[in-house]
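Colleague: First, the structure itself, so that you have it in front of you.
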Amino acid sequence: MPQTFQLTITGQVQGVGFRPFIYKLAKKFGLKGRVGNNENGVLIFINATTKTANAFLKNVVEEAPGVSKIQSHSFREVPFQEFIDFKIIASTAEHQINIPLTPDFAVCDSCKQEIREKNNRRHGYAFTTCTNCGPRYAVTNKYPFERTNTTVNDFGMCPACTKEYRDPEYRRFHSQTNTCIDCGIQLILQDATGKDIEDNQEKIIQKAADLIRKGCILALKNTNGYLICCDANNARAIELLRERKQRPSKPFAILYPSMDRIKTDFEVTSEEEGMLLSPVAPIVILNPKKRKLDLKREQIAPGLQRLGVMLPSSSLLTLLMDSLNIPIVATSGNIHGSPIIADQKEAVEKLSDVVDYFLHHNLRISFPQDDSVIRFADNHKIINRRSRGLAPNYLEQEKTGGEMSKILAMGAHLKSTFTFVPNSNIYVSQYFGNLDNYDVTNRFGQSIFQFGKLFETEPRTILIDSHPNYQSSIIGEELAETWKSNIVSVQHHKAHFASVLGEHHLFGTEEKILGVVWDGTGWGDDQAIWGGEFFSYEKYTMQRLTHFEYVDWLASDKMAKEPRLSLFSMLDKEEVDVCKHKFSETEWKVYNQMLKKNILKTSSVGRLFDAVASLLNLIDISTYEGEAAMLLENLAQTYTGKDFIDFLEGEKYEWVHIRTILTKMNESMVAGMSREQIANSFIHTLALVIIKMAKNNNFRQVACSGGVFQNALLISKLVYLGKKSKIKLRFNRILSSNDENISFGQLCYYQHIKNKICV
Amino acid sequence: MPILDFDIITLGHGSGGMLTNKLLDSGVFDLLSNDILDERHDGAFLELHGKIAFSTDSFLVSPIFFPGGNIGELAVNGTVNDLAMCGASPKYLSLSFIIEEGLPVKDFWEILVSIKIACEKAGVKIVTGDTKVVEKGKGDKIFINTSGVGTINPKANIGKKNIQIGDKIIVSGNIASHGMAILSVREGLEFDSEIQSDTTYLNHCVEDLLNNFGTDIHLLTDPTRGGVATVLKEIAEATAVGIEIYQKNLPIDDQVASACELLGLDSLYVANEGLFIAFVSEEKAAVILEKLRQDTKGRNAKIIGTVVANHPKQVVLESAIGGKRVISMLPGEQLPRIC
Ligand SMILES: [Fe+3]
Ligand SMILES: [Mg+2]
Ligand SMILES: [Zn+2]
Ligand SMILES: [Zn+2]
């Protein structure tokens, strides 16, 4: 006796080919019914017996499309209604949207094959996508994910595309981003002044490739925003790009034509390969092979061994790289800390002094995103930047809701993100950048507004960092006033700690957990700049245990930009002359004077890295954020010996003595120890600090967060030492360990520590 | 300096008794003598016509003597300039001291002389005043309060409500000099050459502009504490307009700029004393600037920004190397934000 069952599937199930998959599965089962998207996910009605319905659901869960992520599934019997066929029906969203936002997916192999096939109708078509691939979040205006709710809707489907869209047997059945050369997305090749230089669509990519090969700099609009490209083996072109971008040494990423080519140039582990080939298609930081490469490495990443490498993430990039067949520099299309550009007019306005040519297209981008950046420390994944392909879903959390929803967490300042909980899902935005920059602030604010509209929700509670001058705190207060929401501030390092606890679902743990939060700066509860913190977490309570020795914070933001100042402040009085030669006479007098009267103190480990980098004469004045730490890690990684020194050997651990570390390092320098060994031993010392701190205070679990934990060597050493001493170490794994995780950490702190919500 | 039989000021000098009389008689009154003050009544009898501006300010600065001036001069110029910013011609000032026991009479006298000279230069009279002495530790050498009145220039119409989209923003001279002068002395910072405070009276210079350009001058304000950034941000918030400023146009002395750089300070937030900002009509901006630059007080004047319709309430700095920076009100000191 046939009954009617309703199946509800929630999770990342829209824009991933879920309905066509259900359609085909229903046909296979010979079932009649309906499938549609609604505000909660995918809703299926079938006429079946209980047994068949069960079997069907089991198949749905087991065979779901690769890019989908099912969070929950349920089925129940509903009043009988008879269906005569199985149909995909248009979306109905009658209530507030409560589903994940589908991230962008890199072009899939089937689509790649089609654009390369001579006689295929998508041969050479730069916007080829299917139900498994293509932009999603980037083109979203509204939800559910239907063509009419995306910017692809600017282009009507031609008859051929419509046919594909309607054909249940075809890969593009209900593919919302389906277009072809006849539908209207157009490439536009222009010179620096914004004048068109090629009309023929079929010749544009070839011509763009020629320009790059000739040594020109090209701004290219990918589906997530502009990239600036040039030949990676042309030193003059790269130097020119550095000069025009006024970016003297910050490393550039390189786009490779194929996995094989990457493998000839780099050591690639299976994890790294898997990541590069995944639908995220991020930039992965790789170790080059020890031989001469056809890359101008000194221009691409001055002073650094490892390079950021990626594969084409879109059909457009695939076609370009097929045509070029050489690695190219591919860096975000922006200027000076401004956000990635995604609009043609803006690109011409802002980049005409930087590039020689533009390759635009006329598909609008709703949510521009940078490329994500990932690296590995042995098998441990480190997210350096979470953006395209990873944002904005946060699926790895138990559903929240009720009192604990309608929350907006504003994050930090330099690596800004926001976290929004409009309903029972958590959304962690992509990385926006430094909020000092007006355009970043604007995009940050605008995206918050877009999210508010997408979910038709005004937050009841806004969470901000306790630093009063963070732009995110200032905007948060303004928003709170507009929306009449509560405002709660969360201390920076507590938020960092809470982010790892949240990622690993540790709030309910019985055992106490040591929190190690090391970063550059954050406003502490005692009016000092924190950054080398140890916390204890137990039963929904967090406490600061101890911290790195306080030293003077001098000259405001300048200290973070000049590693020599950190060295000056951290050296013992007796030894400070070691760095005198790094300063002019006036500077020396002035800073000595400032030191006498200074009140502001810091425990920053980020600044300790700066000081050590300066001591080892790697760098005295930075040109980009994180430069000193990167150079130091790079040097330490070149040490091949096994003779690691503990510069804190025999010291007590209730307090970490910065001056002792520097004194011992200085002695080793004088004694003629190699810089490589000293650098490596420094990181070894820091890893030991954590292990000893845990052992001496009887912690068996340690959670680490903060920008310092982007350091792959530190992580490797910690993982090794942790295993040896049976201490469980936890790091951020879904989010970045730097300030990108602050917004999520604020949320976790608010829910679990402030409000003691138990999980 | 009168001959006195004491060389530091003690509590007795402020108690209304003999010592005070002696100090005031032989000191303040003699030196600042004028027809109104000489009446020595409980208050001053003034004759003023038309619209009046009235302003008050207290001055606490450490150190009290600094390169380019002292607290006395500052106290006169401060109130004179506040009145000038209302479009008024300052006429009469009150002057009150709170002196910490132990201040050398010599210092007090020097301050008084500076007050006298500053009044003469600005063309104002001290017409009433007061002196109190507090116990050691309850003050910081000397605090001065001045209040003043002046008559509004009939051609002037100064007010935030007059600001219009397109208005040009003129700053009358080099920024950040006063703050950096104070800071270098206070922190004992030695630079290659001494930085001088810019404290001065601006009333004549402003009057001249008002007489020539009247209502084309929409708003006048002096960027004292908190510097140019804070003042502009306050105006943007109060009037809900946007303000754009251009880093490459900001006038600043090289020495001051490198001192700011050295200390990691943003010159836009550093205090000024002898400086004003004018919001002027777009059409007249160029001629107003030209006129201002003929005055010694305005010879370094520059157009530094524009009132825009974009980003209401926001002040945005277009940086010299490209990119725009949000200028916010600093609730406290300049704290590091960089991670
Ligand atoms: Fe941080
Ligand atoms: Mg004042
Ligand atoms: Zn595909
Ligand atoms: Zn088509």
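Colleague: Pick out which of B:Thr131, B:Thr200, B:Thr79 has the largest mean-square fluctuation in a Gaussian network model of chain B, springs linking Cα atoms closer than 10 Å.
Modeller: B:Thr131
Colleague: For the protein assembly as shown, count the residues as N, evaluate 2.2 N^0.38 Å, and divide the Cα radius of gyration by that value, please.
Modeller: 1.08
Colleague: Treating only the Cβ of Lys, Arg, Asp and Glu as charged (+1, +1, -1, -1), what charge dipole size does chain A show about its Cα centre? Round to the nearest 20 debye.
Modeller: For chain A, the charge dipole is close to 1460 debye.
Colleague: Then there's this: Which lysines have a Cα less than 29 Å from the Cα of A:Lys724, not counting those fewer than 8 places away in the same chain?
Modeller: A:Lys381, A:Lys494, A:Lys512, A:Lys539, A:Lys642, A:Lys652, A:Lys664, A:Lys692, A:Lys695
Colleague: About its Cα centre, how strong a charge dipole does the stretch A:392-490 have in debye, to the nearest 20, once Lys and Arg get +1 and Asp and Glu get -1 at the Cβ?
Modeller: Once rounded to the nearest 20, the dipole reads 160 debye.
Colleague: Moving to a separate point now. State the three equivalent ellipsoid semi-axes of the stretch A:315-421, derived from the C-alpha gyration tensor as the square roots of 5 times its eigenvalues, in descending order and whole Å.
Modeller: Values for the stretch A:315-421, descending: 32, 20, 14 Å.
Colleague: Going down the list A:Lys717/A:Lys754; A:Lys484/B:Lys324; B:Lys160/B:Lys297, which pairs span over 28 Å between their C-alpha atoms?
Modeller: Exceeds cut-off: A:Lys717/A:Lys754; A:Lys484/B:Lys324.
Colleague: At 10 °C and 1.306 mPa s, grab the translational diffusion coefficient of the stretch B:11-152 from Stokes-Einstein with a Kirkwood Rh over Cα pairs, rounded to a whole number in µm² per second.
Modeller: The calculation lands on 103 µm²/s.
Colleague: So what's the convex hull volume per residue for the Cα atoms of the stretch A:1-134, in Å³?
Modeller: Each residue corresponds to 126 Å³ of Cα convex hull volume.
Colleague: Output the relative contact order of chain B, whole-number percent, from Cα pairs under 8 angstrom with separation of 6+ residues.
Modeller: The value is 21 percent.
Colleague: Let me ask something else. Which translational diffusion coefficient, to the nearest whole µm²/s, is obtained for the stretch B:220-339 from the Stokes-Einstein equation, given a Kirkwood hydrodynamic radius over C-alpha pairs, 25 °C and 0.890 mPa s?
Modeller: 161
Colleague: Still on this structure: Please compute the volume of the convex hull spanned by the alpha-carbon atoms of the stretch A:187-374 and report it per residue in Å³.
Modeller: Cα convex hull per residue, to the nearest whole number: 106 Å³.
Colleague: Roughly how far apart, in whole Å, are the Cα centres of the stretch A:568-628 and the stretch A:133-196?
Modeller: Using only Cα atoms to place each centre, the spacing works out to 54 Å.
Colleague: Let me ask something additional. What net charge do the residues around A:Trp483 carry, taking every other residue with its C-beta under 12 Å from that of A:Trp483, with Lys and Arg at +1 and Asp and Glu at -1?
Modeller: -1
Colleague: By DSSP, what percent of the beta bridges with both residues in the protein assembly as shown are antiparallel, rounded to the nearest 5?
Modeller: 75
Colleague: Can you classify the stretch A:548-734 as rounded, prolate or oblate using the Cα gyration tensor, where a ≥ b ≥ c are the square roots of its eigenvalues, rounded means a/c under 1.5, and otherwise it's prolate if a/b beats b/c and oblate if not?
Modeller: Prolate is the answer for the stretch A:548-734, as a/c is 1.5 or above and a/b outweighs b/c.
Colleague: Can you give me the C-alpha center-to-center distance between the stretch B:225-260 and the stretch A:639-661, rounded to a whole angstrom?
Modeller: Spelled out, the Cα-based centre of one part sits 47 Å from the other.
Colleague: Between beta-carbons, use under 11 Å as the cut-off and find the net charge around A:Asp104, counting Lys and Arg +1, Asp and Glu -1.
Modeller: +1
Colleague: What is the set of long-range amide H partners of B:Ile304 at a cut-off below 5 Å, with H atoms built 1.01 Å from backbone N?
Modeller: Answer set, sorted by chain and number: B:Ile169, B:Ile170, B:Val171.
Colleague: Across the residues of A:553-559, average count of Cβ atoms on other protein chains within 10 Å?
Modeller: 6
Colleague: Once phi is turned into ³J(HN,Hα) by the Karplus curve 6.51 cos²θ - 1.76 cosθ + 1.60 with θ = phi - 60°, what whole-Hz value does each residue of the stretch B:138-147 show in order, with x for glycine and proline?
Modeller: 9, x, 10, 6, 7, 10, 10, 10, 10, 10
Colleague: Further question on the same structure: Among A:Asn40, A:Ala55, A:Leu7, which residue has its Cα positioned farthest towards the positive end of the charge dipole of the stretch A:3-88, with +1 placed on the Cβ of Lys and Arg, -1 on the Cβ of Asp and Glu, and the dipole taken about the Cα centre?
Modeller: A:Ala55
Colleague: Still on this structure, please answer the following. Mind listing P(r) for the stretch A:392-490? All alpha-carbon pairs, 5 Å bins, whole percents.
Modeller: 3, 14, 26, 27, 20, 8, 2, 0
Colleague: Any chance you could check the Cα centroid distance between the stretch A:328-383 and the stretch A:257-323 for me, in angstrom?
Modeller: If you average the Cα positions of each part, the centres end up 17 Å apart.
Colleague: Right, another one. Count the lysine pairs in the stretch B:11-152 whose Cα atoms sit under 25 Å apart, keeping only pairs 8 or more residues apart in sequence or on different chains.
Modeller: So the count works out to 26.
Colleague: Counting each DSSP H run of 4 or more residues in chain B as -39500 (n - 2.57), what helix-only mean residue ellipticity at 222 nm follows after dividing by all residues, to the nearest 500 deg cm²/dmol?
Modeller: -8500 deg cm²/dmol
Colleague: Quick one: which residues, 5 or more positions from A:Leu227 or on another chain, have an amide H under 5 Å from its amide H? H modelled 1.01 Å from N in the peptide plane, none for Pro or chain starts.
Modeller: When sequence neighbours closer than 5 places are left aside, the close amide H contacts are A:Leu220, A:Lys221, A:Asn222, A:Gly333.
Colleague: Note down the net charge around A:Ala138, summing +1 for each Lys or Arg and -1 for each Asp or Glu among other residues with Cβ under 11 Å from its Cβ.
Modeller: +2
Colleague: Continuing with this model, one more query. Rounded, prolate or oblate: which fits the stretch B:172-285 when a ≥ b ≥ c are the square roots of the eigenvalues of the alpha-carbon gyration tensor, with rounded for a/c under 1.5 and prolate only if a/b beats b/c?
Modeller: Prolate, since a/c reaches 1.5 and a/b exceeds b/c.
Colleague: Let a ≥ b ≥ c be the square roots of the eigenvalues of the Cα gyration tensor of chain B; is it rounded (a/c under 1.5), or, if not, prolate (a/b larger than b/c) or oblate?
Modeller: Cα axes put chain B in the oblate bin.
Read-outs: derived from the displayed coordinates by stated rules, not from any lab. The model shown is predicted, which means the values in this text are computed figures rather than measured ones. Cβ: placed from backbone, ideal geometry, glycine included. Neighbour counts: every protein chain shown.
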